[in-house]
Amino acid sequence: MHLKNNILSVDYKGINIKNPIVIASGPAGNGEELSQTIDLSRIGMFTSKTVTMNRTDGNPPPRIVDVYGGIINSIGLQNPGFQSFMTETLPFLENLRIPVIVSLASNYAEELETMVKALDTRNIKFLEINFSCPNVDKGREPIGTDPNKIFHTVKKLKKLTKKNILIKFAPADAILELVQAAISAGAEGVVLSNCPKGMKIDINTMKPILKREFGGFAGPAIKPITLNQVYQVRKQFKDIMIIGTGGVINHEDALEYIMAGANLVGIGFGVMLDPFIPIQIIEQLEQWFKLRNLNYSSVFCKAQSL
Amino acid sequence: MKKIVLKEKKVSDDFLIASFEFENPFNDNTQDFIKPGQFLMLKNRTEPILAKPFSVLNTNRNGFKMLIKIIGRFTDYLSNAVSGETFLYRGPYGTAFEKKLDLSKKIITIGGGCGAAPILFFNEHYFENIEKTIIGFKNDSIRNLINIDEAVYESLSGKTVIDELNEYLLLRNKVGKPIVLACGSSSMCQELHKHSLEMNYQLFVSLDERMGCGMGMCKGCPIKTKSGIKMVCKDGPVFNSDEIIWEW
């Protein structure tokens, strides 16, 4: 990995990323509303809401339940489908003047191939293949928990595009094996991690609150888990791109991820908690580095005993 | 998010009334910073609990007052907070009632529980438009906090707001199809919808759904409508009840 930095900027294969803060896929939608609240051109990168081939209505309410240290969400990849995304949404993202990641999901390799191919000529820098949404169950067995399927799917996708491919995984004991499959097939990196599954039971009705019983557990409570996934993967894979995400709500969280070995830090729940958080973190990081006369590269991976 | 200071609060078993003052009041038009139907997202300063949506009961030169049902961790926290504590808010969000209602016509307004807040706020702004108002509470403990002239108490009368509305409509002697604007629990709104079909009135409901961001981006508060999935926070919270597909 060739990283050239000033205080916060990250250079990845000639792509200049202003700072390591990435808006993660999901909570910020496709940026239309968020751009009315904060200046998105100040963010490092923006990830689209996960797009599926066909329109997805998502899950019935309630979709969000408060739990200690975060929420359980059950959105269910609501989106208008790939064609609508290409004509209605992508032009907005292409004009953000920051590198954009388009997030894609399907349990069908053929659908992913169609979408990846169609995106190859568009002004985006990365594709995130979301192999791990906890909130959909349509279609075949998920690709993202089977190293063999991951390898063959990513291999096919790499043949169809020059874009950098990142694979998004949920926390898993076998994460090293899954990442190995993705990287050997040619993926540039990984996004660690998607929400682990969680649930909440209403003790009055004695039933799960969410209609699908479980959802994705997000928020500061999951950070120790996702941080460890980043750390363990970085220990094994020195040169891949890692976006560390899970429970980041302040600059200290972001620093932990960078020290664990994340090149970039994703913010999801934090944007819902307070849409101003990404900008606050960037400002706090800059101040933290300045006060200590340090910069991004002087802390990157420092928690690893390399 | 912007800072507000809790100035005064009154708490009953189920509800609280809280007055907030802006830390930095607007230069002018403070009173008009939010329109009836819109809501603010409030959170405390330290805990990572998502901000929660609340309507205002009224506004003044320095801030606003809210009528809140004590129902979860944030409202519990607020009910125990002391005067002078700083909170954070953002907004206003949501579509104002005036954008969806025909204000050349008279409107019957209905509030259930803390759904009273946006209705009373609407009544204050559009008093000339109000044909009749019914504010319903399960019991009369709210009387310790606030005196609402239009209030009816189910525990005393045995009648729900729908019973009260029904009685009014049966005796109504006015030209034109009645128009009803209601805010309350989703079960109340759904019952009203059925009632509106029986009694042939036009119904607008302001819905209460668990929200995530409050601004339309997270897709956390869906409602199924005849024109697809909409977000309660951004496309609503008020909807023409004929547009809603209640069973999902």
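What follows is calculated from the coordinates using simple rules that are stated; it is not laboratory data. On a predicted model such as this, the values are computed, not experimentally measured, just so you know. Neighbour counts are summed over all protein chains in view; Cβ atoms, including those assigned to glycine, are modelled from backbone coordinates with ideal geometry.
For the stretch B:97-243, calculate the relative contact order in percent as a whole number, restricting contacts to Cα pairs under 8 Å that are 6 or more residues apart.
RCO, the stretch B:97-243: 20 percent.
Suppose every K and R has +1 on its Cβ and every D and E has -1 on its Cβ; what is the size of the dipole of the stretch A:171-227 about the Cα centre, in Debye to the nearest 20?
Charge dipole, the stretch A:171-227, about its Cα centre: 360 debye, nearest 20.
Averaged over its residues, how many other protein chain Cβ atoms are within 10 Å of peptide A:54-63's Cβ atoms?
Per residue, the average neighbour count from other chains is 5.
Would you please state the base-10 log of I(q)/I(0) at q = 0.07, 0.12 1/Å for the protein assembly as shown, with intensities from the Debye formula using one equal scatterer on every alpha carbon?
Results for the protein assembly as shown at q = 0.07, 0.12 Å⁻¹ read -0.44, -1.13.
Of the DSSP beta bridges with both residues in chain B, give the percent that are antiparallel, rounding to the nearest 5.
Taking every DSSP beta bridge within chain B, about 65 percent pair in antiparallel fashion.
Give me a single rounded figure for A:65-71: the average over its residues of other chain Cβ atoms within 10 Å of their Cβ. Mind showing how you got there, number by number?
Working: counts 1, 8, 2, 4, 3, 3, 7.
Shielding by partners across A:65-71 averages 4.
Per residue of B:42-48, how many C-beta atoms from partner chains lie within 10 Å of its own C-beta, taken as a mean?
3
Take the Cα pairs of the stretch A:68-221, get the Kirkwood Rh, then feed it into Stokes-Einstein at 10 °C and 1.306 mPa s and tell me D in µm²/s.
Here the translational diffusion coefficient equals 95 µm²/s.
Rounded to the nearest 0.05, what FRET efficiency is calculated for A:Glu286 and B:Phe26 with R0 set to 41 Å and r the Cβ-Cβ distance?
Computed FRET efficiency for A:Glu286 and B:Phe26 comes out at 0.85.
Defining a contact as two alpha carbons under 8 Å apart and six or more residues distant in sequence, what relative contact order in percent does chain A show?
The normalised contact order for chain A reaches 19 percent.
Select from the stretch A:180-274 those trypsin sites (Lys or Arg not before Pro) which occupy a DSSP coil region and have at most 11 other Cβ atoms within 10 Å, ordered by residue number.
The qualifying sites are A:Lys238.
So for the protein assembly as shown: antiparallel DSSP bridges make up what percent, rounded to the nearest 5?
DSSP beta bridges in the protein assembly as shown are roughly 55 percent antiparallel.
Mind computing the radius of gyration and Dmax over the alpha-carbon atoms of the stretch B:2-93? Å is fine for both.
Reported Rg and Dmax, both Å: 12.2, 37.
Farthest toward the dipole's positive end in the stretch B:2-93, which of B:Phe74, B:Leu6, B:Gly84, given Cβ charges of +1 (Lys, Arg) and -1 (Asp, Glu) about the Cα centre?
It is B:Phe74, whose Cα lies furthest towards the positive end.
What trypsin sites (Lys or Arg not before Pro) does the stretch B:1-94 have in DSSP loop regions with at most 12 other beta carbons within 10 Å?
When the trypsin sites (Lys or Arg not before Pro) of the stretch B:1-94 are filtered for loop state and at most 12 Cβ neighbours within 10 Å, B:Arg45, B:Arg61 remain.
Using modelled amide H (1.01 Å from N, peptide plane; none on Pro or chain starts), what sits under 5 Å from the amide H of B:Ile70, excluding residues fewer than 5 places away?
B:Phe15, B:Leu16
Do any cysteines of the protein assembly as shown lack a neighbour Cys whose Cβ is under 4.7 Å away, and which are they?
Unpaired cysteines in the protein assembly as shown: A:Cys133, A:Cys195, A:Cys301, B:Cys114, B:Cys183, B:Cys189, B:Cys221, B:Cys233.
In sequence order, what are the phi-derived ³J(HN,Hα) couplings for the stretch B:209-223 according to the Karplus relation 6.51 cos²θ - 1.76 cosθ + 1.60 with θ = phi - 60°, rounded to whole Hz, with x for glycine and proline?
Result, ordered by residue: 10, 4, 10, x, 7, x, 10, x, 8, 8, 6, x, 10, x, 9 Hz.
Using DSSP, restrict attention to beta bridges with both residues in the stretch B:2-93 and report what percent are antiparallel, rounded to the nearest 5.
95 percent
Using a 10 angstrom cutoff on alpha carbons, build the Gaussian network for chain B and name the most mobile of B:Arg210, B:Arg172, B:Arg143.
B:Arg172
Pull up the cross-link candidates among the lysines for A:Lys235, meaning alpha carbon to alpha carbon under 16 Å and not fewer than 8 places away within one chain.
Candidates past the 8-residue exclusion: A:Lys302.
I want to verify a result. In a Gaussian network model of chain B, Cα cutoff 10 Å, which of these has the top mean-square fluctuation: B:Ile148, B:Ile107, B:Ile130?
Highest fluctuation among the options: B:Ile148.
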